[in-house]
Amino acid sequence: MQIRTMRADDLPQVIRVWNACVDAGEVLYYPLTEAYFRRKFVEGEGCEPENCLVAADGERVTGFIHGVAPGAFRLARPGQAYLTCLLVDPARRGEGAGRALLRALEAAMKARGAAALSVSSLNPVNLDWRIPGTPGHDHNNMPGVDNGCAGFGFFEHSGFQRRHDEVSMYIDLAEYRMPEKITALRARLAGEGIYTGPYDAALRCDFDGMCDRVGSDYWRDVLRTETEAHLLNAPNADARMWPDGVCPAGPRTILAAVAEGRIVGFTGPVDKQKSGRGWFTGICTDPLYERRGIATVLFNLLMQAFVEEGAAFSTLFTGVENHAQKIYLNAGMRPVRRFSIMSIDL
C-alpha cells in the first residue's frame, strides 16, 4: 500500500470510494460527482492540491483524505490545520489504509507549521450532508465528527480528543405553526418599550453595545453588512456606491428587538437557499435584556418569515448544553444528529 498525493486520473476511483461509503449508509454526505469534487477540493478556499492524499494498492485507490493547512485561507488561525474528510473503501477495511492516511496528513500538516489538527466548522471546506429521514433536505456544513458515522470510533482510538459536542436540529416548515403565546409576548414587550419585528435600517440603531457584551465581532459584521445593504438599496441611495449600481447580495430582512434606539436582539438575515433551506446566521440577545422572551419571539418570527419566503425546511446547530434548545424545540424543531468537535495535538 502506498500513500501519495492524489493524481488527476485518480478521481474516478476517489468518487467510487466516496460513493461506496454513502451507499452503505456510513456517512451522510451527498454522492460525489466530478463537478462537486472540483468545487469543494480544487476551486475552494484552502484547497491546495497537495492536501488531497490517497491510499493506493498498485493502481487501485482504497482510501482518500483531505486537509487544510495553516495559513491556507483568509481566516486561518495560527498553527491550526483542519481535517476535512477521511474515507476508506468498505471492501478494503482492516488493511491500515485509514490510519496510514491520517498519519501522513498529520505529518504533512506538522511540516507546514501546524500545532494541531481539528475537525470543526472552522474548516473553510464545507461538505453538505443529508438530514436522515427527510426527502433529501440538507445542511451545508458539518461542525465536527458525526457521532453516527462509521469512523467516529476510529478517531477516538486514533488519539483525537472531544472538545465540544453540538446537536443538529431540523424543522419541516410545512408543519410550522406560530404558537398563540407569541402574539401576547410581543404585546408585553411592546408595553415595555421593546419593538420586535423586521428592522428598518433607516433608524440606524446602535448594535455595537450588544455585540460588545456578547463578544461577537462576527454578528457585528453581519449586522453592518446587512444594514448597509438596505441603506445602499434605498430609493434615495447613491447607486455609485456599488461598482455595478446594485448591492451584490441584495437587502435581506433582519428581525430585531429595538429599545431606546438600540438593537438589543436580532436574528437573520432571512434567506432561502436553492435547496429550499431557510438560512440564517444565528440568534442573539443583549445580556442586558435576557429572560424577557425576546429570543423566543424573534425565533418564531424567523420561522414564519421562512414560510413566507417559500422555504421548505430549516436547520441549525447548537451546543448540547445550550438552554436555547428549549426555544427551538417549542417552535417545532427536533434533534437529528450529534457531532463532536475533535482535535489532536501534533
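No value in this document is a laboratory result; all are computed from the given coordinates. All figures in this text were calculated on a predicted structure; none of them were measured in a lab. Virtual Cβ from ideal backbone geometry, glycine too; neighbours counted across all protein chains shown.
Would you please give the residues with an amide H less than 5 Å from that of LEU28, counting only those at least 5 places away or on a separate chain, with H modeled from the backbone geometry?
Residues meeting the amide H criterion: none.
How many nm is it between the label spots at GLU50 and GLU260, if each spot is 7 Å from the Cα in line with the beta carbon?
With each label placed 7 Å out from Cα toward Cβ, I get 5.7 nm.
Each residue of the stretch 146-157 in turn: what ³J(HN,Hα) in whole Hz from Karplus with 6.51, -1.76, 1.60 and θ = phi - 60°, glycine and Pro shown as x?
5, 5, x, 7, 5, x, 4, x, 4, 5, 4, 6
Select from GLY197, GLY151, GLY46 the residue farthest towards the positive end of the dipole of the chain; place +1 on Cβ of Lys and Arg, -1 on Cβ of Asp and Glu, and compute about the Cα centre.
In the chain, that residue is GLY151.
Do any GluC sites (Glu not before Pro) in the stretch 1-101 lie in a loop, going by DSSP, with at most 14 other beta-carbon atoms within 10 Å of their beta carbon, and if so which?
GLU43, GLU45, GLU59
Could you tell me the calculated FRET efficiency between GLU95 and GLU43, based on Cβ-Cβ distance and R0 = 45 angstrom, to the nearest 0.05?
That gives a FRET efficiency of 0.90.
Around MET142, what is the net charge, scoring Lys/Arg as +1 and Asp/Glu as -1 over all other residues with Cβ under 12 Å from its Cβ?
Once positives and negatives cancel, what remains is -1.
With +1 on each Lys and Arg Cβ and -1 on each Asp and Glu Cβ, and nothing else charged, work out how big the dipole of the stretch 290-346 is about its Cα centre, in Debye to the nearest 20.
Approximately 240 debye in magnitude.
What residues have an amide H closer than 5 Å to that of LYS272, excluding those fewer than 5 places away on the same chain, when H is modeled at 1.01 Å from N in the peptide plane?
TRP279
Using +1 on the beta carbon of Lys and Arg, -1 on that of Asp and Glu, and nothing else charged, what's the dipole of the stretch 2-127 about the Cα centre, debye to 20?
340
Of all trypsin sites (Lys or Arg not before Pro) in the stretch 20-118, which ones are in loop regions per DSSP and have a Cβ with at most 12 other Cβ atoms within 10 Å?
Passing both the DSSP loop test and the Cβ count: ARG74.
Between 0 and 90 degrees, rounded to the nearest ten: what's the tilt of helix 181-191 against the longest Cα principal axis of the chain?
Approximately 50 degrees, to the nearest 10.
Name the long-range amide H neighbours of GLY282: under 5 Å, sequence gap of 5 or more, or other chain; modelled H, no Pro or chain starts.
Distant-sequence amide H within range of GLY282: GLY268.
From the phi angles alone, apply the Karplus equation (6.51, -1.76, 1.60; θ = phi - 60°) to the stretch 121-134 and give each ³J(HN,Hα) in whole Hz, x where the residue is Gly or Pro.
6, 6, 4, x, 8, 9, 9, 5, 9, 8, 6, x, x, 10
Using only Cα atoms and rounding to the nearest 10 degrees, what angle (0 to 90) does helix 97-111 make with the longest principal axis of the chain?
Taking the Cα atoms of the chain, the angle to 97-111 is about 70 degrees.
Along the Cα→Cβ direction, 7 angstrom out, place labels at TYR30 and ILE344. What is the inter-label distance in nm?
3.0
Could you run the Karplus curve 6.51 cos²θ - 1.76 cosθ + 1.60 with θ = phi - 60° over the stretch 75-84 and give me ³J(HN,Hα) per residue in whole Hz, x for Gly and Pro?
Here the 3J(HN,Hα) series is 9, 4, 8, x, x, 10, 10, 10, 8, 8 Hz.
Kirkwood hydrodynamic radius, the chain, all distinct C-alpha pairs: what's the number in Å?
That comes to 22.2 Å for the chain.
Label points 7 Å out from Cα along the Cβ direction at ALA150 and ARG162: separation in nm?
For ALA150 paired with ARG162, the spin-label model returns 2.2 nm.
Between helix 294-309 and the chain, what is the angle of the helix's C-alpha long axis to the longest principal axis, kept within 0 to 90° and rounded to the nearest 10?
So the helix axis and the longest Cα principal axis differ by about 80 degrees.
About the Cα centre of the chain, how large is the charge dipole given +1 on each Lys and Arg Cβ and -1 on each Asp and Glu Cβ? Please answer in debye to the nearest 20.
The calculation lands at about 440 debye.
Please report the spacing between the Cα centers of the stretch 283-346 and the stretch 89-144 in Å, no decimals.
Computed from Cα coordinates, the inter-centre distance equals 25 Å.
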